[in-house]
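The values are calculated or read from the model by the stated rules, or taken from the named source; none is laboratory data. These numbers come from a predicted model, not from an experiment. Every residue, glycine as well, gets a Cβ built from its backbone with ideal geometry; the counts of neighbours run over all protein chains shown. We work out accessible area using only protein heavy atoms, side chains counted, and drop any ligands, DNA or RNA first. Shrake-Rupley method; radii C 1.70, N 1.55, O 1.52, S 1.80 Å.
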Amino acid sequence: MTTYETFARVYDSIMDDTLYDKWTNFSLRHLTRRDNAKLLELACGTGIQSIRFKEAGFDVTGLDLSQEMLDLAQKRAQAAGLEIPFIQGNMLDLSQVGKFDFVTCYSDSICYMQDEVEVGDVFKEVYQSLNEDGIFIFDVHSTYQVEQVFSGYSYHENAEDFAMVWDSYQDEAPYSVVHELTFFIKNEDGRFTRYDEVHEERTYDILTYDILLEQAGFKSFKLYADFEDKAPTDTSKRWFFVAQK
């Protein structure tokens, strides 16, 4: 297995499956037209959410930067008896993916953009890829999550065939965080191999997202929090934006 394949397997095994239920349910409440509506899932990873969308009646295309992740996604879709095109690509350039009725980008994937210029560029690319009146849904970490929850955050996971250590620290830029992850994966010979990853994320205040969406051309957006159809509070951890072209 390549490193990405190893990480993907670990991520899938430790990921809370109920989150996919929550993303799906939130989407279905805000994307009312589903029968064969074309949906592009950005940062689709190993394809679990894409399959949920396909099963809900959407005509789904998944896009991710990692071909290794997409290979696993394709295998997962085939095992489910579903035909889902998975495209290797960067959300900063969607010029070749076609037009869609809906675009989603979940699991705080927008927060992996290097700065607000890149976030704005993603919004512009999504706008261009949407049909008229199309809807774009994405979630990001709230500023509270980055400053209060992730500051000094530490999580350990132990299982028979792997172990994980996850530590988070505030970074220098405002509302930014560094996640340091160490995995110990059990080999066939019983020994463990260590893998290390560093993830850097950054979010912005709501006004910044508002301005960037408006500059991209979106005519309106609604803001929710923590998978519910409620306005954010000071302690909301995840913001959801539902923007219309």
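Data for the structure
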item: Sole residue being modelled with pLDDT under 90, under 21 Å from Trp239 (Cα atoms) and surrounded by fewer than 16 Cβ atoms within 10 Å (Cβ to Cβ), chosen from Met15, Met1; result: Met15
item: Index of the failed condition, Tyr144 passing every other in (1) among the hydroxyl-bearing types (Ser, Thr, Tyr); (2) assigned to a helix (DSSP H, G or I); (3) surrounded by fewer than 13 Cβ atoms within 10 Å (Cβ to Cβ); result: (3)
item: Count of the stretch 159-208 residues which are farther than 30 Å from Val140 by Cβ and open to solvent by 40 Å² or more (accessible area, probe 1.4 Å); result: 11
item: Single condition Glu160 does not satisfy, out of (1) free of Cβ contacts under 8 Å to residues at least 12 places away in the same chain; (2) assigned to a loop (DSSP other than H, G, I, E, B); result: (1)
